[in-house]
Amino acid sequence: MYFSIIIPVYNRPDEINELLESLLQSSYKGEYEIVIVEDGSTIACEEVVAKYSNSLNISYYFKSNSGPGDSRNYGMKKAKGDYFIIFDSDCIIPDHYLSEVEKELNSNYVDCFGGPDKALKSFSNIQKAINFAMTSFLTTGGIRGGSEKISKFQPRSFNMGISKKAFLDSNGFGNIHPGEDPDLSIRLWKLGYETRLFSSAFVYHKRRIDWEKFSVQVSKFGKARPILNLWYPEYSKVTFWFPTIFVLGLIISFVLLFALFDWALKLYFLYFLLIFIVSSFQNRNPVIGLLSIVAVWKQFFGYGFGFIESFFKIFFLRQQPQIAFPELFFKVNSNSETTINTKVEVKESNIPEIKKALIENTTPVKPKIIGLTGGIGSGKTTVANYFQSKGVPVYISDIEAKKVMAFPEIISQIAAVFGSEIVGENNSLDRDKLAAIVFNNPDKLKQLNAIVHPAVKKHFDQWVVNNNNFPYLVKEAAILFESGSYKDCDTIITVTAPIETRIARVLERDNTTREKVLQRIKNQLSDEERIAKSHYIITNEDLEQTKIQMDTLLNLLKEK
């Protein structure tokens with residue numbers, strides 16, 4: 001098994017230096033590679049990487065900033081291994097780590113694993129206190145610290161592994177951050193993959209180095225969880241509410257003091273006393289015990305208030321996650337032409353070439369492509385029309401495909417495969433006869449798509465050229481993901497609506513039955529699958545609310 005270690009980095013050359021130094025001490029005897037992805041840093045680490053190029057097998061890439069999840073995906077696409085191991089740049093790796101991973105995979109293989117984290121003696125007291133708050137059984141149930149007392153383990157991206165096969169099947173990380181790691185875990189489960197905790201494969205994780213950064217981080221954790229619950233309601237748990245309940249309970253406890261009831265507050269006092277005792281004993285330092293109380297306080301309040309704010313906006317105000325919390329979503333652009341794809345097998349002599357590539361490899365700006373999709377009856381045509389009403393060019397794939405199929409050269413190709421009987425009067429295509437041939441015949445449909453899809457792709461590319469004076473263009477397609485045309489898009493919007501609303505719309509529009517509509521919905525991708533792969537989601541239930549969402553989204557697109 002050949003490991004590829006993927007490390008995204010943003011403005012942290014010192015951390016990369018410590019991480020690579022720790023890998024240099026590895027006792028692992030097998031071969032492996034290290035792939036470092038510089039995520040648009042203004043303080044690059046190429047000189048640090050060059051220092052280790054003669055001792056470690058390193059590849060270095062520089063790309064425009066698109067967030068850690070997309071950078072990990074970028075690294076895995078470039079990697080040569082069949083199993084990827086992902087670290088955050090602020091990790092230090094024990095010398096036995098890779099050997100432990102290999103042993104676990106050989107004894108009980110799994111396509112995705114996660115490992116715990118610990119604190120080094122050299123860490124600051126605040127870092128050790130934060131590590132205790134994030135890993136202790138008293139705060140998180142020990143999930144991050146190595147406990148296996150959960151039915152399904154969700155690996156965390158600071159220390160996880162994923163097979164190449166699982167990565168390709170799942171398309172890797174989404175663009176939410178934080179929350180991209182549980183999102184990936186759930187999608188893997190839905191694809192039939194298993195995840196497991198490798199308790200002996202731990203790393204030393206620095207985490208945040210001050211209270212302000214830690215507070216911001218845990219608040220984002222809290223905001224991300226209701227979004228994941230929205231996307232995957234079957235995996236929501238009551239335990240996700242515990243920090244919010246803790247915070248509200250503490251507030252109520254202070255209110256009860258006015259009624260001379262102090263028993264609730266005493267319970268909180270005992271809990272924080274227990275935090276102090278356990279942390280002081282575990283870290284052998286009462287100062288860290290006191291700081292752990294601060295860390296737990298900030299953890300619960302940051303997560304708790306973040307969670308309740310997100311829950312209220314998502315489930316009561318019914319705001320779309322990307323609009324309610326744009327700070328949680330990175331724009332994924334590592335596949336676009338504006339990305340700098342500079343691969344260098346780093347050596348000291350390569351450094352000028354790296355810097356030169358950053359200047360010369362920037363490609364001309366072209367319109368951003370906005371993919372628009374949704375299931376039958378979702379109302380994506382309404383959204384497409386609204387885009388057009390605001391002066392945004394929209395490519396309606398179904399309509400344009402019909403135009404393409406009317407081209408004489410395409411009709412000739414179709415007739416050569418399906419027979420001259422599908423050509424009607426005036427050398428036009430008899431669509432009813434063609435539909436009868438491909439209906440319920442996957443092989444015939446595949447043959448037709450092999451003719452039509454490349455022609456539509458060429459037609460679309462020319463359409464983009466013809467509209468290159470616009471900042472962004474919209475491509476509407478019902479099968480955006482199924483056809484693979486989502487790969488042409490810089491941003492993807494999914495339109496959703498309640499199932500009964502969708503059924504009612506189709507029944508009103510088409511001469512059909514409820515059963516047939518349900519069957520068509522069943523044959524399409526689910527909303528959950530589309531949402532997991534999209535950047536923005538529009539709930540199209542009420543037209544006026546939809547317009548409000550669209551106006552907000554249009555403003556966001558203008559700012560990008």
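Points to keep in mind about this one:
- Counted residues, the stretch 266-279 - those being of a type in the set (S, T, Y) and either closer than 10 Å to F132 by Cα or modelled with pLDDT of 95 or more (or both): 1
So that you can scan it fast, the table gives a plain yes or no per residue for (1) among the small types (G, A, S); (2) under 30 Å from K547 (Cβ atoms); (3) part of a helix (DSSP H, G or I); (4) open to solvent by 50 Å² or more (accessible area, probe 1.4 Å):
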position: N229; (1), (2), (3), (4): no, yes, yes, no
position: L267; (1), (2), (3), (4): no, no, yes, yes
position: L270; (1), (2), (3), (4): no, no, yes, yes
position: V294; (1), (2), (3), (4): no, no, yes, yes
position: S310; (1), (2), (3), (4): yes, yes, yes, no
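- Single residue of I521, I493, I503 found to be crowded, with 16+ Cβ neighbours inside 10 Å and at pLDDT below 90: I521
- Pairs with Cβ under 8 Å, 6+ apart, first in the stretch 43-55 and free of Cβ contacts under 8 Å to residues at least 24 places away in the same chain and in a helix (DSSP H, G or I), second open to solvent by less than 10 Å² (accessible area, probe 1.4 Å) and among the hydrophobic types (A, V, I, L, M, F, W, C): none
- All told, A436 meets the bar of being open to solvent by 60 Å² or more (accessible area, probe 1.4 Å) and among the small types (G, A, S).
Conditions (1) at pLDDT 90 or above; (2) assigned to a helix (DSSP H, G or I); (3) farther than 19 Å from L138 by Cα, marked per residue:
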residue	(1), (2), (3)
S200	yes, no, yes
Y204	yes, no, yes
Q217	no, yes, yes
E234	no, yes, yes
T239	no, yes, no
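- Qualifying residues in the stretch 423-433 (those that are modelled with pLDDT under 85 and in a helix (DSSP H, G or I)) - the one surrounded by the most Cβ atoms within 10 Å (Cβ to Cβ): R431
- Subset of the stretch 134-165 that is assigned to a helix (DSSP H, G or I) and modelled with pLDDT under 90 - its residue that is farthest from the chain's Cα centre (by Cα): L138
- Whenever a residue of the stretch 185-210 is of a type in the set (D, E, K, R), its partners that are assigned to a strand (DSSP E or B) and at pLDDT 90 or above, lying with C-beta atoms within less than 7 angstrom and at least six residues away or across chains, give the pairs R196/F113.
- I85 meets the stated requirement of being touching a residue at least 24 places away in the same chain (Cβ under 8 Å) and part of a strand (DSSP E or B).
- Search result, residues across the stretch 105-120 that are more than 26 Å from the chain's Cα centre (by Cα) and assigned to a loop (DSSP other than H, G, I, E, B): N108, A119, L120
- Of the helices (runs of 4 or more DSSP H) lying entirely inside the stretch 469-560, the ones with 3 or more residues being within 18 Å of W231 (Cβ to Cβ) are found at 527-532.
- Residues that are open to solvent by less than 20 Å² (accessible area, probe 1.4 Å) and aromatic (F, W, Y) were ranked within the stretch 21-61; the one that is nearest to the chain's Cα centre (by Cα) is Y61.
- Residue list for the stretch 362-412, restricted to those being part of a helix (DSSP H, G or I) and surrounded by fewer than 16 Cβ atoms within 10 Å (Cβ to Cβ): N385, Q388, S389, D398, I399, K402, K403, P408, E409, S412
The values are calculated or read from the model by the stated rules, or taken from the named source; none is laboratory data. Predicted model only: the values in this text are computed from it and were never measured. With ideal geometry, Cβ positions are generated from the backbone for all residues, glycine too; neighbour counts draw on all protein chains shown. Note: areas computed on protein heavy atoms with side chains; ligands, DNA, RNA excluded. Shrake-Rupley method; radii C 1.70, N 1.55, O 1.52, S 1.80 Å.
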